[in-house]
Amino acid sequence: MSDFIKLAEAVFRGDFGGAGQITKELIDNGTDPLAIINQGLIAGMDIVAPKFKAGEMFVPEVMMAARAMAVGMELLKPLINDVDIPSKGTVLIGTVAGDLHDIGKNLVAMILESGGFKVVDLGVDVSVEKFVEAAKQYNPQVIGMSALLTTTMVAMKDTIDALREAGLRNNLKIIVGGAPLSQEFSDQIGADGYASDAMAAKELCEKLVG
Ligand code: B12
């Protein structure tokens, strides 16, 4: 079995130790860092994605896989110039004001990162002002907002309105998610899209940015 396949399998199994070890060995052998990323780490996540979608893998397993990938990425980052990292675009993500739920948001962030997006995670309880400031600072292609409480969903509309007032709305796509949301709600508040899980979020970003 090739080392790339072993690495992809370690990622798929959520084996951080193995993923780190194999990544280290490949680096020591002088393997091209981008090949390690594409043929090892991302290849591993590419096995996870369809299985999660089909209900054959569950959230904890997906998070373990994404973490195993992150272990490899951390070792590779110093070896790669920013310009060389194939980035599909920048996504700013956060849980809206008043809401502290972040498990789903973190999963979305990890999947987007492992899918080749640069992710700026603003954390939880992100105020309207903070989203607007961060949009100015990072100039993202996409802003993703998460809400798990019916009482905090309204903050999404406030944020979209504030982005529009700040003149930033036309230059970026806004996506929303979280258990109580729906496509209908997304349409109502003027977002560009809704996704029900992390894989769908990645596909949505690819569609909106591409
Ligand atoms: C874990 C949890 C907590 C944890 C949160 C820990 C953490 N670090 O996140 C703790 C214990 C802190 C908590 C607190 C509270 N919680 Co709570 N919590 C949950 C619980 C059980 C699971 C949520 C979760 O993590 N799901 C797993 C993840 C993976 O799924 P997910 O979040 O839906 O995310 C997926 C998708 O929605 C989507 N997605 C998510 N975000 C985004 C963003 C974008 C941009 C996109 C595209 C997609 C996307 O992709 C994700 C991955 O597939 C839910 C029950 C439920 N069934 O949802 C209640 C729940 C959300 N909580 C609830 C409540 C009421 C509370 C509290 C008010 C309880 C209290 N009285 O203190 C507080 C509120 C605190 C606050 N201010 O936020 C209610 C909300 C009811 C409502 N209708 O509003 C729920 C539904 C439970 C219930 N049935 O009553 N909670």
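Read the figures in this text as sums done on the coordinates, not as results from a lab. All of these numbers come straight from a predicted model, not from anything done at the bench. Neighbour counts are summed over all protein chains in view; Cβ atoms, including those assigned to glycine, are modelled from backbone coordinates with ideal geometry.
Nearest 10 degrees, 0 to 90: what angle lies between the long axis of helix 16-28 and the longest principal axis of the chain (Cα atoms)?
Roughly 60 degrees, rounded to the nearest 10.
Pick from LEU41, LEU26, LEU112: which is most flexible by mean-square fluctuation in a GNM of the chain where alpha carbon atoms under 10 Å apart are linked?
Highest fluctuation of the listed residues: LEU26.
Given +1 on the Cβ of Lys and Arg, -1 on the Cβ of Asp and Glu, and no further charges, what dipole in debye does the chain carry about its Cα centre, rounded to the nearest 20?
Approximately 180 debye in magnitude.
Got a sec to turn the phi values of the range 187-192 into Karplus ³J(HN,Hα) couplings, 6.51 cos²θ - 1.76 cosθ + 1.60 with θ = phi - 60°, whole Hz, x for Gly and Pro?
Once θ is set to phi - 60°, the couplings for the range 187-192 become 4, 4, 8, x, 7, 8 Hz.
Can you tell me the FRET efficiency between ASP46 and GLU165 if r is taken as the Cβ-Cβ distance and R0 is 35 Å, rounded to the nearest 0.05?
Taking R0 as 35 Å, the efficiency between ASP46 and GLU165 is 0.30.
For the range 125-208, what is the largest minus smallest coordinate of the Cα atoms on each principal axis, given in angstrom and ordered from greatest to least?
Over the range 125-208, Cα extents along the principal axes are 30, 28, 21 Å.
Return the FRET efficiency for the residue pair LEU79, ALA54: r is the Cβ-Cβ distance, R0 is 35 Å, and the value is rounded to the nearest 0.05.
For R0 = 35 Å, the calculated efficiency reads 0.50.
In µm²/s, what is D for the range 1-73 at 37 °C and 0.692 mPa s, where D = kT/(6 pi eta Rh) by Stokes-Einstein and Rh is the Kirkwood radius from Cα pairs?
In µm²/s, the coefficient rounds to 281.
How tilted is helix 154-165 with respect to the longest principal axis of the chain? Cα atoms for both, answer in degrees (0 to 90, nearest 10).
It works out to around 80 degrees.
Taking the 0 to 90 degree range and rounding to the nearest ten, how far is the long axis of helix 59-76 tilted relative to the main principal axis of the chain, both from C-alpha atoms?
Approximately 70 degrees, to the nearest 10.
Only sites in a loop by DSSP and with at most 10 other Cβ atoms within 10 Å count here; which chymotrypsin sites (Phe, Trp or Tyr not before Pro) in the range 10-71 make the cut?
Here the chymotrypsin sites (Phe, Trp or Tyr not before Pro) that fit, given the DSSP loop and packing criteria, are PHE58.
If R₀ is 35 angstrom, what is the calculated FRET efficiency for the pair GLN21 and GLN188, using the beta carbon separation as r and rounding to 0.05?
0.10
Please state, rounded to one decimal and in Å, the Kirkwood hydrodynamic radius that the chain gives when every pair of distinct Cα atoms enters the mean of 1/r.
17.6 Å
Out of the range 1-81, which GluC sites (Glu not before Pro) are coil in DSSP terms and have no more than 13 other C-beta atoms within 10 Å?
The qualifying sites are GLU56.
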